[in-house]
Amino acid sequence: SLRAVLATQRILEGVGVGRTGATALSATLNFLIRDGCGMIASLLFTSLAASSFRRNVKTWKYFADCMVDIGITLEIIAPSVLSSSRLSGWFLPLLCLGNVCKALCGVAAGACGGAMNLFWAMKLMGTEEGISEVSAKIGAQRTVVGGAGLVLAGFVAKWLGASDGSNNVGNKRLWIGLYCFLTFLHLALNRMSLKLVALDWMNSWRMQRIVDEFLDLVEKNEANDRIGTSNLSTPSDLSRIEPLLFRPGLRNINKPSNCSIRMGVSFNDFARHSHRTLQSTRAQVMNDPRIGGDRYMLTVGAIGNKLNKKKSILISFFRNSSCREKAKAYLHARLVEKGLDQRSQLDGSNLDTVFEEAEKKCH
């Protein structure tokens, strides 16, 4: 709240409040353009990222925290360019960009808030019906904290604006230092709080980590028929090491592979890019006796543009496939990937042999 008050104060100074020659019309137009850019950005962002919010809820939540900080910072910086004749034209673009960042924060935070509320409802009350109570209590908490912040922000803003002209330089350094401290505190505390949230569903990073640990455990205990899973990471363990920033997965950095894994591709893309013929793929769907048990299909194909095609393992799911089958499909794909890497380094055996060996290990 205090940072928002500082930003509002700076914006009002930028649009001409208290300055001779400024008109209400020019200020209104600036606000209209700023708000319009934010609305357009929120619609575009929703269309592009809506399907991935729940999978990477913690990452998107921290993304929202970073975006709102960037947006407020840009709004505070924007009025400073008016003092330079060469940079004065950047005031409105900076103002619009700041509001765009805050709009992205609103979309991501709203989507992640629903997923987090559902998680806490299931964890604390054991049923989805508790989401209404959790949402109401979180809203009340935000109201109390926001009200206290507004009162404090009012006193601080009055204190910062009460200094006379001789203290402007020291006063400016004071509120800049205060703003930087509050921004750092906001990001640090949000990061610490997200590390404490142990989500109990799989996303790509958690699935990748668990499968890596399981395959390493299998390699170390190849003589045993049954492998215990007590040494695998728990949700609490994963929450402490899960990255909160979007970046390449650990497997891509530490264990580079010649192919990628794409889950949930449409059947049309599956058939078009598969190494098998279309007739063979149709026959697999119609006649494969395993389909009654494992409701997914797996193949290898090349995806990309004509200049940069990369070998990928494609997985297409049937409509009624379960979460267990999706996890098994990923393990199956990792075994195929491992077999392809080994074969390509040795003798380049055909794909059917690799698929048979991976299927035996998976079952």
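The values are calculated or read from the model by the stated rules, or taken from the named source; none is laboratory data. Nothing here was measured: the structure is a model prediction, and the numbers come from that model. When we count neighbours, we look across all protein chains shown, and the Cβ atoms used for this are built from the backbone with ideal geometry, even at glycine. The protein model used for the area step is the full one, side chains on, heavy atoms only, and it has no ligands, DNA or RNA in it. Shrake-Rupley method; radii C 1.70, N 1.55, O 1.52, S 1.80 Å.
Using 0.36 nm per residue and subtracting the Cα-Cα separation, the extra length available between LEU48 and ALA4 on full extension is 13.0 nm. Nonpolar atom fraction for segment 27-143, defined as the carbon and sulfur part of the 1.4 Å probe accessible area, stands at 67 percent. The gain in end-to-end length when the ASN203 to ASP216 segment is fully stretched comes to 2.7 nm, 0.36 nm per residue minus the alpha carbon separation.
The mean of 1/r over all pairs of different alpha-carbon atoms in segment 1-90, once inverted, gives a Kirkwood hydrodynamic radius of 15.2 Å. Computed from label points 7 Å out along Cα-Cβ, the spacing between ALA302 and ASP269 is 1.8 nm. If you average the alpha carbon positions of segment 107-163 and of segment 42-84, how far apart do those two centres end up, in angstrom? Here the answer is 18 Å between Cα centres. In terms of the mean number of neighbouring beta-carbon atoms within 10 Å, the peptides 99-109, 78-88 order highest first as 99-109, 78-88.
Remark: segment 64-213 projects, on average over all directions, an area of 12.9 nm² (convex hull of Cα atoms). Exposure check, 1.4 Å probe, all protein chains in place: TYR330 carries approximately 20 Å² of accessible surface. Rounded to 0.05, the FRET efficiency of the VAL144 and SER88 pair, given R0 = 41 Å and the Cβ-Cβ distance, is 0.50. Taking a sphere under 11 Å around the Cβ of GLY149 and counting the other residues whose Cβ falls inside, with K and R at +1 and D and E at -1, yields a net charge of +2.
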